Amino acid sequence: MLRSLVGSEMCIRDRYQRRVRGGIQGTMSNPGDDAQNPMDLDQMETDSDDEPGAPEEHPAHKMDEAPEEEEEEEEEEEEEPQLTPEELKQLNLEKARGLKESGNALYKSSKYDAAIDHYSDAIALEPEEPELLLSLLGNRAACYIMIEKFNKGLADCEKAISISPKYVKGFLRAGKCHIRMGDFAAALEAFNQARVYEPTNAQVKAEMSTLKTVQEYHTRAVALTEQSKFGQAASLLDKVIKECSGSLPLKVLRARTLLHAKRYPEAASAALAVIRSNSQNADALVIRGEALYYSSTDMDQPVKHFRQALQSDPDNKHAKIMYKRVKEIERIKGEGNAAFKAGKCAVAVELYQQAMEVDPDHTLMVATLWSNMAAAHMKQRKWTEALEECDKSLELLPDSHKALLRRAQCRSELEMYQEAVHDYETLTNMDDNNREWQKLLRNAKHELKKSLRKNYYKILGVDKHADDNAIKKAFKRAAIKCHPDKVPPDEREEAEKKFKDLNEAHEILTDSKKRQRYDSGADMEDEGGFGGGGFHGQDMDDVVRMFFGGGGGRGGGRGGQRGNASGFHFG
């Protein structure tokens with residue numbers, strides 16, 4: 001095609017040059033001799049061609065004139081052929097045909113932008129061949145559809161239809177553009193018009209079937225949304241968007257439905273696709289801001305989107321509500337954090353509760369606030385309250401590292417070692433490279449092992465940080481409760497057993513070396529154990545006298561004290 005195009009252009013230029021040469025011959029001969037001596041021009045051109053080759057015979061040329069410049073002027077005149085209007089039309093027509101063929105090749109190679117350039121160049125030549133112009137407009141419309149520039153594609157289709165009202169391909173492609181932009185009524189009108197001219201056209205039937213299916217999906221999605229079945233509605237809208245990829249209103253509807261379905265990352269992404277097409281779309285900005293708000297406790301990005309939405313649409317009510325809500329949560333939570341850092345834990349807990357009430361549906365924020373309240377109670381050593389708050393936080397956010405770590409600490413303090421080990425194992429499974437968590441897990445396992453021994457602190461009813469004086473007082477109080485006169489006869493055997501445990505606890509915890517080994521996890525029974533009396537074989541009466549004073553002994557008493565059936569005495 002290009003070869004024929006070049007040949008045609010050369011043919012036209014050749015005819016023009018012959019006309020120019022005829023004009024030169026007329027100026028060199030008599031006016032009446034124009035067609036009488038056609039060979040004279042050739043002879044003259046031959047003679048003229050010889051002149052520059054013999055400069056010696058014309059020395060004046062060196063001084064007064066520059067033959068080279070004359071030749072350049074003649075060449076410039078010859079490079080400006082004047083084509084007749086008909087010849088120019090024919091030349092443009094041939095060029096347009098060539099551009100169409102090259103555009104088609106680019107289209108087949110999926111190089112749509114380059115194909116559009118070729119079709120546009122061809123259209124700009126204004127070829128006076130209706131069929132060719134229709135084809136160029138239709139093909140360019142097809143390219144625009146492929147690169148999702150549906151408005152431009154529709155404009156080409158409408159222009160083609162204005163040239164030929166029965167151009168079925170124009171109606172088909174216009175209908176496709178309408179579907180892509182979500183205008184179902186206009187699409188139906190275009191397809192119906194195509195069917196008028198070609199009732200049996202298979203493509204018309206296929207496009208109308210697609211349109212009907214998409215309309216049904218859309219209708220059902222809207223109905224499900226009204227029933228608050230947002231997950232099902234979102235699935236149907238996914239199918240709608242596949243056909244209506246150029247419809248911003250439908251994309252906004254899908255983003256909002258995903259938001260209501262609490263699929264926040266998807267909602268944020270869907271809204272962003274709209275914003276990229278129209279950065280001032282207030283609805284999309286609000287949806288993305290709200291999705292970011294509910295998927296994070298960082299309020300910077302939500303605030304930014306709500307502000308931008310209000311700049312685009314100052315009357316957007318939902319943007320105003322969300323902006324005010326975010327700022328309120330930020331303020332109260334910030335005050336709570338400041339109180340916590342200042343050691344005002346009770347105030348911090350109250351402020352965290354207030355922040356929670358601003359938006360109870362913000363799962364991440366509420367979970368964070370429960371965890372913060374637990375931290376405040378832990379600082380006050382209120383382990384039971386803190387444990388309950390950690391549980392509530394983890395109900396909302398099971399993978400919260402902070403809440404898991406705090407719950408494990410609370411369980412350890414409450415001597416729930418098995419449960420603490422479970423929490424630490426969960427943490428290390430989340431991140432097996434965290435050395436701090438691995439250390440805490442080892443400590444919890446060690447405490448669990450220790451807890452399986454007799455808990456002497458618990459037997460005496462003292463804290464593990466109690467000093468010797470507190471331990472002795474606790475022993476005396478507990479021992480009095482085991483007095484035979486204080487318990488029924490059928491419980492005296494159990495009372496003696498308890499007294500034995502009290503003796504063991506007292507001996508270990510009042511001996512600094514034994515207590516240190518006990519606290520380190522050593523099994524004290526394996527290191528020697530205790531005698532039958534609890535004090536390495538000492539008689540119970542001796543033990544009682546040691547702590548309570550007075551005489552003792554079996555059978556008779558000293559100092560007015562008398563024995564008792566249990567075999568030990570209390571003062």
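The values are calculated or read from the model by the stated rules, or taken from the named source; none is laboratory data. Being a predicted model, the structure only gives us computed values, none of them experimental. No Cβ is skipped: glycine too gets one built from the backbone with ideal geometry, and neighbour counts run over all protein chains shown. Calculation scope for accessible area: heavy atoms of the full protein, side chains included, ligands and nucleic acids excluded. Shrake-Rupley method; radii C 1.70, N 1.55, O 1.52, S 1.80 Å.
Here the translational diffusion coefficient of segment 281-397 follows from Stokes-Einstein with Rh set to the Kirkwood radius across Cα pairs; for 20 °C and 1.002 mPa s it amounts to 144 µm²/s.
Placing +1 on the Cβ of every Lys and Arg and -1 on the Cβ of every Asp and Glu, with no other charges, gives segment 179-256 a dipole of roughly 280 debye about its Cα centre. Pairs exceeding a 29 Å alpha-carbon distance, out of LYS472/LYS497; LYS229/LYS317; LYS152/LYS205; LYS169/LYS239; LYS176/LYS320: LYS176/LYS320. Solvent-accessible area of segment 282-352 (1.4 angstrom probe, protein heavy atoms only): carbon and sulfur portion equals 49 percent.
Counting only lysines at least 8 places from LYS445 when in the same chain, those with an alpha carbon closer than 29 Å to its own are LYS379, LYS382, LYS392, LYS402, LYS454, LYS458, LYS464, LYS498, LYS500, LYS513, LYS514. Would you mind classifying segment 324-462 by shape? Square roots of the alpha carbon gyration tensor eigenvalues, ordered a ≥ b ≥ c; an a/c under 1.5 is rounded, otherwise it is prolate if a/b is larger than b/c and oblate if not. Prolate is the answer for segment 324-462, as a/c is 1.5 or above and a/b outweighs b/c.
Using a simple spin-label model with pseudo-atoms 7 Å out from Cα toward Cβ, LEU452 and SER520 lie 2.1 nm apart. Note on ILE480 and GLU128: the model spin-label points, each 7 Å out from Cα along the C-beta direction, lie 12.7 nm apart. Proximity of backbone amide H atoms, modeled 1.01 Å from N, is registered between ASP359 and no other residue at under 5 Å, excluding neighbours fewer than 5 places apart on the same chain. Taking all protein chains into account, the per residue accessible area for segment 331-419 stands at 50 Å² (1.4 Å probe).
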